[in-house]
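First up is the structure itself, then whatever we jot down about it.
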Amino acid sequence: MTKIKAENIKKMFKIRSNGNSKNNGNTSKELLALGGVNLSINKGEFLSIVGPSGCGKSTFLDLVGGLTKPNEGNIYIDGKPVNGPGLDRGIVFQQYALFPWRTAIGNVEFGLESKKIAKNERIEIAQKYLSLVGLSGFEERYPYELSGGMKQRVAIARALAFDPDILLMDEPFGALDSQTREILQRELLRIWEETQKTILFITHSIDEAVFLSDRVAIMTARPGVIKNIVDIPLSRAVRFEDDVRTSNEFVRSRHELWGLLKEEVVKAQQIGVKTTLKISSSEKAVAQGEAWT
């Protein structure tokens, strides 16, 4: 059963002719970030998107989340068009986006407050999901008292607590060290098995995509479209084995993905040289149309 369907999604952003998105008096032009994305994601599926920097991966996730709207095309969830954010979708960003004045449990309660759930029930639900991500005993800690991995666990718990059907994850482990990243990848798989959410996961890491996903979609260099979709033949049980990354199935899948991706990486580098367009992650602000990723 199809949960998410994207049909011919195009997205453009206005930039200054000198490559600067700020309004400094220069003539503006349009940058085509997404050139017609078509993608279907099944209910309960874990699908990852990989692609070169600047291909529009995060832009597409924002569109699914309803944070911004496409210039052309439509995105449907359960057959209904996406017209804005909704409680059927939880979003986890690379930057933790926690409220520094709230404790861990207070951050997890935030989404529940918007659903007007009673205080006692909110606390019970928040404790349940903090336990699910391995943070029992840290409920009253503030973000500055938590490690990077712990902060991301809180962000995941917050996204899960109001029980969305879909979890949208934009490079959630990208800023973590390799050891913490591998631990949280395993935790995410365990959570996915327990909750059976539909997960759309954005990553630059081919290894991460192979380890986590049922299928991996490869995006082209800008303007991004779906170049190919690869099925990952690893069973869930196998993924928890210590030597899974050296298995023949893992190595073959990684090799296939890199073969499809490397040409797009070269193209993206050439595009970057020609346009001299430099946009950092801190300039994202996609919902305001001030930048693209």
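The values are calculated or read from the model by the stated rules, or taken from the named source; none is laboratory data. Quantities reported herein were computed from a predicted structural model and do not represent experimental measurements. Using ideal geometry, Cβ is built from the backbone for each residue, glycine included, and neighbour counts are taken over all protein chains shown.
Every condition in (1) at pLDDT 95 or above; (2) surrounded by 19 or more Cβ atoms within 10 Å (Cβ to Cβ) holds for GLY73 except the one numbered (2). I'd like to check something: does the stretch 30-48 contain any residue that is in a loop (DSSP other than H, G, I, E, B), modelled with pLDDT under 95 and over 21 Å from LEU160 (Cβ atoms)? Looking through the stretch 30-48, none of the residues is in a loop (DSSP other than H, G, I, E, B), modelled with pLDDT under 95 and over 21 Å from LEU160 (Cβ atoms).
Conditions tested, residue by residue: (1) closer than 19 Å to GLU171 by Cα; (2) of a type in the set (A, V, I, L, M, F, W, C).
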{"site": "THR198", "(1), (2)": "yes, no"}
{"site": "PHE211", "(1), (2)": "yes, yes"}
{"site": "ASP214", "(1), (2)": "yes, no"}
{"site": "ALA217", "(1), (2)": "yes, yes"}
{"site": "PRO233", "(1), (2)": "no, no"}
{"site": "ARG236", "(1), (2)": "no, no"}
{"site": "GLU241", "(1), (2)": "no, no"}
{"site": "VAL251", "(1), (2)": "no, yes"}
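In this structure, PRO172 does not satisfy being within 17 Å of the chain's Cα centre (by Cα) and either at pLDDT 95 or above or under 20 Å from LYS128 (Cα atoms) (or both).
Between LEU132, LEU160, LEU189, LEU146, which is in contact with a Phe, Trp or Tyr (Cβ under 8 Å, 6 or more places away or on another chain), of a type outside the set (Phe, Trp, Tyr), within 21 Å of GLY44 (Cβ to Cβ) and surrounded by fewer than 21 Cβ atoms within 10 Å (Cβ to Cβ)? Checking each option against the conditions leaves just LEU189.
In the set ARG102, ARG122, ARG141, ARG190, only one residue is of a type in the set (Lys, Arg) and within 26 Å of ARG236 (Cα to Cα); that residue is ARG190.
Consider GLU194 carefully, then state whether it is surrounded by fewer than 22 Cβ atoms within 10 Å (Cβ to Cβ), more than 19 Å from the chain's Cα centre (by Cα) and either under 30 Å from MET12 (Cα atoms) or at pLDDT 95 or above (or both). Criteria not met by GLU194.
Please indicate, with yes or no, whether at least one residue in the stretch 197-214 is under 24 Å from GLN270 (Cα atoms), surrounded by 22 or more Cβ atoms within 10 Å (Cβ to Cβ) and of a type outside the set (Lys, Arg). Among the residues of the stretch 197-214, at least one is under 24 Å from GLN270 (Cα atoms), surrounded by 22 or more Cβ atoms within 10 Å (Cβ to Cβ) and of a type outside the set (Lys, Arg), which makes the answer yes. Taking the stretch 57-80 as the range and being of a type in the set (Val, Ile, Thr), touching a helix residue (DSSP H, G or I) at 6+ places or on another chain (Cβ under 7 Å) and outside any loop (DSSP other than H, G, I, E, B) as the test, the residues that pass are THR59, ILE75. Within the stretch 66-116, if we keep just the residues that are among the charged types (D, E, K, R) and in contact (Cβ under 8 Å) with a residue 60 or more places away in the chain, the residue that is nearest to LEU146 (Cα to Cα) turns out to be ARG89.
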